[in-house]
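Below: the structure, in structure tokens.
The values are calculated or read from the model by the stated rules, or taken from the named source; none is laboratory data. Just so it is clear, the model here is predicted, and its values are computed rather than measured. Glycine gets a Cβ as well: all are built from the backbone with ideal geometry, and neighbour counts include every protein chain shown.
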């Protein structure tokens with residue numbers, strides 16, 4: 001009997017995270033949908049999955065806090081079974097602006113969630129997946145950003161820096177745990193049609209301002225990023241680790 005595929009996805013209630021959760025469920029994964037505050041959106045994702053005969057649970061938690069990350073994995077395991085796959089998606093930008101006009105709380109919140117949080121989630125994943133800890137291996141996909149290379153000047157250089165850290169972390173961790181039968185990769189989305197621009201940056205005109213700079217001259221869809229994530233989670237990418245797959249329309 002084939003073991004169940006159990007996916008934990010952080011920030012899974014909206015945008016890219018919700019699209020990954022739904023696509024994973026459609027492909028037979030049991031899905032733990034983590035969220036911070038928006039229980040309504042996370043519950044809706046779970047209802048959609050269950051309505052399509054999938055299996056999912058919504059689990060609240062702030063992944064920048066170690067205790068919440070441990071609780072997330074414990075609850076996911078108890079309700080869905082042993083974790084086999086993880087998507088490190090939770091993140092934020094903070095309000096758009098220049099660095100010299102940005103307060104320290106914005107910087108700390110961004111780094112705490114985007115970097116420390118991602119590392120805590122990956123650490124807990126390795127503790128569940130590695131054979132030395134009783135696991136059988138698996139796959140981790142980190143969500144980076146095209147901003148890591150573009151730099152995002154005048155918008156949020158701190159966010160770009162946090163995603164540059166994710167790229168480095170992905171490469172290093174992939175090498176560290178390759179012998180544990182754990183693959184670690186990243187997807188770096190460009191401009192995607194999600195609510196992050198309105199809810200996090202406050203820059204409602206950003207999408208249309210950036211559109212002409214994209215070689216494909218269109219905004220990407222969350223489902224296009226989700227497809228890339230699912231490829232890296234799947235056995236179709238069985239010899240791929242430490243890769244950063246850019247999904248940015250050529251930008």
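Points to keep in mind about this one:
Matching residues to (1) modelled with pLDDT of 95 or more; (2) part of a loop (DSSP other than H, G, I, E, B); (3) surrounded by 15 or more Cβ atoms within 10 Å (Cβ to Cβ):
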{"site": "58", "(1), (2), (3)": "yes, no, yes"}
{"site": "74", "(1), (2), (3)": "yes, no, no"}
{"site": "94", "(1), (2), (3)": "no, yes, yes"}
{"site": "105", "(1), (2), (3)": "yes, no, no"}
{"site": "114", "(1), (2), (3)": "yes, no, yes"}
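- For residue 139, the criteria (1) in a strand (DSSP E or B); (2) surrounded by fewer than 18 Cβ atoms within 10 Å (Cβ to Cβ) hold in every case but one, which is (2).
- Hits in the range 48-71 (condition: over 19 Å from the mean Cα position of the chain (by Cα) and within 17 Å of residue 16 (Cα to Cα)): 48
- For the range 1-45, a residue qualifies if it is in a loop (DSSP other than H, G, I, E, B), within 21 Å of residue 116 (Cα to Cα) and free of Cβ contacts under 8 Å to residues at least 40 places away in the same chain, and exactly one does: 37.
- Residue that is part of a loop (DSSP other than H, G, I, E, B) and farther than 18 Å from residue 7 by Cβ, where the choices are 155, 176: 155
- Condition met for residue 122 (part of a helix (DSSP H, G or I), touching a strand residue (DSSP E or B) at 6+ places or on another chain (Cβ under 7 Å) and under 18 Å from residue 69 (Cα atoms)): yes
- Considering the conditions (1) buried (at least 24 other Cβ atoms within 10 Å of the Cβ); (2) more than 16 Å from the chain's Cα centre (by Cα), residue 153 is excluded by exactly one of them, (1).
- Scanning the range 201-222 for residues being in a helix (DSSP H, G or I) and either surrounded by 15 or more Cβ atoms within 10 Å (Cβ to Cβ) or in contact with a strand residue (DSSP E or B) (Cβ under 9 Å, 6 or more places away or on another chain) (or both) gives a total of 5.
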